[in-house]
1. Got at least one residue in the range B:245-258 being touching a helix residue (DSSP H, G or I) at 6+ places or on another chain (Cβ under 9 Å), closer than 18 Å to residue B:219 by Cα and surrounded by fewer than 18 Cβ atoms within 10 Å (Cβ to Cβ)?
2. Collect the residues in the range B:205-257 that are under 14 Å from residue B:184 (Cα atoms) and within 14 Å of chain A (Cβ to nearest Cβ), keeping them in residue-number order.
3. How many residues are outside any helix (DSSP H, G or I) and buried (at least 17 other Cβ atoms within 10 Å of the Cβ) when one looks only at the range B:109-128?
4. Quick check, is residue B:108 in contact with a helix residue (DSSP H, G or I) (Cβ under 6 Å, 6 or more places away or on another chain) and closer than 30 Å to residue B:295 by Cβ?
5. Looking only at the range B:56-79, which residues are touching a strand residue (DSSP E or B) at 6+ places or on another chain (Cβ under 8 Å) and surrounded by fewer than 18 Cβ atoms within 10 Å (Cβ to Cβ)?
6. Within the range A:289-298, which residues are more than 7 Å from chain B (Cβ to nearest Cβ) and either buried (at least 19 other Cβ atoms within 10 Å of the Cβ) or touching a strand residue (DSSP E or B) at 6+ places or on another chain (Cβ under 9 Å) (or both)?
7. Can you pull out every residue in the range A:129-143 that is touching a helix residue (DSSP H, G or I) at 6+ places or on another chain (Cβ under 8 Å) and within 24 Å of residue A:72 (Cβ to Cβ)?
């Protein structure tokens, strides 16, 4: 059965269409690699590319794309609102089908090594790909951003996993790691009281006593005059979407507030839906293997 | 975007492993064609093969497989419990992705023509592929079975769509047509009273006043001491699964009976689940295009 992995590299270029196209073109028309989505933001001056493919093909494509980015993006003149530390800021690898997290970790480490050896871009491993707890969280690695990275690398605890203690002069550094796919899942409430949405967010999220793989904040949807519990489900195999939704509903009852809708942001893996449809419909012996399209991409 | 079509040919061989393998091998290792499932039954002496692929590749593969079946299956000595009229009994074509029903009809008619011309097997068009109402239902065409087919073809109204008024001497005739995918969907009830299950089936099915694209019967699950409403949803885009389930639940209330589970039989298209998950979770602006795997097979 074919292994499928996803990568969502973030490049520090969000406005120059010729440069964007030059990077994207690496992923186009390659056997075993498929460009699924591009999200770019001019204020952030950044683009997020979603690519899937077979592990070896995807690894070669991403190495090639990093080479293009290193060549055409100069961080010394880069301005943008989103924090960033390199021409390629971060490359997460996400196992999608017939792949274990361990295999994704191995692939990420092979890719990291090749990127250093080929393009002389220093690499930090993050998330599942590093055993160092201070490096698991990308925000820790990126703190100081491109401008502060030269100084930061001189500290022994911030020596990159691949590369020496100097940044690439124009491309900075990059973080590479394997992680679970996360689902951005928002639940809308029929109240305009942001404090209620924030209370519910605190009740359902892991950090303050809620569900293990749930991050949540309360936000206002000003135009619609309602509020929202905005969640990241960081492991939907262990904290399925229906559980988060039903817990929000239960907490909302305290305030006489109702759930009036929900949404997923971006692409959602089918497995994240299968658990929930099986729950609501009471499906017996149901799994992703019963879905036609899942068999099609095996 | 790549077009994907499914075919589920039924071959009149369910026991001879060498013959089964000879037919299956046609679908293996062909570019653009994928063998998804085999269901064979010794009592029926019949096998049902699920194959998907790109239209032209699938057409060539099925023509080749019919040739193998015509060569190795002799209906003059065939015995089996399931009604059948030929070495290949029926070849449905089901549009799966980026294909209209009209395109599936055209493909089925091209395939039918080629099968007659290449293998001299007479073909009846059925379901969406024929305008003749008496031929839309496969059971009408098949009535009389292989043994009665020679006589039947002499009636002008039973002249095949492709071929003359004589059957293939050893392979009989075949029905080919395009149809919507159907979902076999069963809902279990906490009663052992078959009359209640039958009453609910009558309430939800189209023929007796229920949902437009729902066929249903009540059956006993003797081992579990419960009953079941066993449904075929013949167009899940118009009669979604959740609607059938919730209507069964509502009707069951009359008898103080509860729904205790449900199941889908075989492979279910993702779209059939997406409608239901969106209903139960109140997902806004949700469609199959938000599902990662659906993007993967575009």
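Throughout, read-outs are computed from the coordinates displayed, never taken from laboratory work. Keep in mind that this is a model prediction, so the values were computed, not measured. Cβ: placed from backbone, ideal geometry, glycine included. Neighbour counts: every protein chain shown.
1. Looking through the range B:245-258, at least one residue is touching a helix residue (DSSP H, G or I) at 6+ places or on another chain (Cβ under 9 Å), closer than 18 Å to residue B:219 by Cα and surrounded by fewer than 18 Cβ atoms within 10 Å (Cβ to Cβ).
2. Within the range B:205-257, B:228, B:229, B:230, B:231, B:233, B:236, B:240, B:241, B:242, B:244, B:245 meet the criteria.
3. 6
4. Considered against the rule, which asks whether it is in contact with a helix residue (DSSP H, G or I) (Cβ under 6 Å, 6 or more places away or on another chain) and closer than 30 Å to residue B:295 by Cβ, residue B:108 comes out as yes.
5. Residue satisfying the conditions is B:57 alone.
6. A:298
7. Those that are touching a helix residue (DSSP H, G or I) at 6+ places or on another chain (Cβ under 8 Å) and within 24 Å of residue A:72 (Cβ to Cβ): A:138, A:141.
Residue-by-condition table, conditions (1) surrounded by 18 or more Cβ atoms within 10 Å (Cβ to Cβ); (2) under 24 Å from the mean Cα position of the chain (by Cα):
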| position | (1), (2) |
| --- | --- |
| B:130 | yes, yes |
| B:136 | no, yes |
| B:166 | no, no |
| B:171 | yes, yes |
| B:190 | no, no |
| B:200 | yes, no |
| B:205 | yes, yes |
| B:220 | no, yes |
| B:225 | no, no |
